[in-house]
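Each reported figure results from applying straightforward, stated rules to the coordinates on display, with no laboratory input. These numbers were taken from a predicted model, which means no experiment stands behind them. Cβ sites come from the backbone with ideal geometry, for glycine too, and all protein chains shown count toward neighbours.
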């Protein structure tokens, strides 16, 4: 019997979200936001938080600074029931990462101080702890510079121990999608990009061709398509799963919430189609509150996701 359903190694930070600012922002002017929200951030942190609240047993290994930001982030995760026994505190003065999101309706500016999220290395990870789960997940691949070099070997090791592995790279700020990324494809079981990332990963303009290219290299590819739902391919079989109908308040963290819904069913052995349907619902519900975790902190909204099976 495994201790966890999912273990995660990755980024923990806070999101500071400001609403109502103009898209074009002149310098040397005081621009007034209409609203502000402080939420748990980091793709790994959002996923771990929401996955735990969906009922999965989750262990998260990340690194935070010796600062108030780290305290707040870990407290939010602990409240959700995430095991943090192997989280690491920086000793060199590096601060917890922070992302400032300037929300402009359908688009946003994203400003990130990576801080400790870029410092975690595979040498700091307790492999025996990570192996106490059915499944291992990695998010924010390109922001976690310290992890990149050792991740292929780590994932290969965990798969050799009978685990499955998933990857959500998020964006590559350099838009290279180079050797570090391609080295991950043979050692993962599930790839979870959005549609733009899928095209750029495969260097294809056509989404269908991009999914085909990725599915030749990864057993399951689940592509997040926002309001159009998701597309999942396993081998030669492809499913298009419609989105759950909601009126979004904020789409921050919707992709990570999709991952939470998908993995909550994947570790139970459900079909890729059923996993994606759960992911679509989790993503849709997440958009009904600001930030990536606030909807899951609302008992009524969380209940809507859990009751869907």
Pairs of alpha carbons in region 87-242 whose separation is greater than 22 Å (percent): 48
Inter-centroid distance (Cα atoms) of region 1-30 relative to region 47-117, Å: 9
Sites residue 124 and residue 247 - FRET efficiency at Förster radius 51 Å, r taken between beta-carbons, to 0.05: 0.75
Value of Rg/Rh across region 121-199 [Cα atoms, Kirkwood radius]: 0.95
Helical contribution to [θ] at 222 nm, DSSP H n ≥ 4, -39,500 (n - 2.57), averaged over the chain, rounded to 500: -9000 deg cm²/dmol
Order by protection proxy (mean Cβ within 10 Å, highest first), peptides 123-133, 18-28: 123-133, 18-28
Whole-percent pair-distance distribution, where bins are 5 Å wide, for the alpha carbons of region 72-116: 5, 17, 17, 19, 18, 14, 8, 3
More than 16 Å apart - percent of Cα-Cα pairs taken over region 28-133: 63
Length added when fully stretched, residue 271-residue 78, from 0.36 nm per residue minus Cα-Cα: 66.5 nm
Highest average packing first - 258-265, 44-51, 246-253, 136-143, Cβ atoms within 10 Å: 44-51, 258-265, 136-143, 246-253
Convex hull projection area averaged over all views, the chain, Cα basis, nm²: 15.7
Order of 241, 110, 100 under a 10 Å beta carbon neighbour criterion, fewest first: 110, 100, 241
Cα→Cβ-extended label distance, 7 Å offset, between residue 306 and residue 238, nm: 3.7
Label-point gap, in nm, between residue 209 and residue 185 - each point 7 angstrom along Cα→Cβ: 1.5
Globularity index of region 181-309, i.e. its alpha-carbon radius of gyration over 2.2 N^0.38 Å: 1.03
Inter-probe distance in nm under a simple model that places probes 7 Å from Cα toward Cβ, at residue 132 and residue 30: 5.1
Residues 200, 29, sorted so that the one with the fewest Cβ neighbours within 10 Å comes first: 29, 200
Length added when fully stretched, residue 217-residue 298, from 0.36 nm per residue minus Cα-Cα: 25.3 nm
Percentage relative contact order, region 255-307, counting C-alpha pairs under 8 Å, at least six apart: 32
Mean separation of Cα contacts under 8 Å, 6 or more apart, over the residue count of the chain: relative contact order %: 16
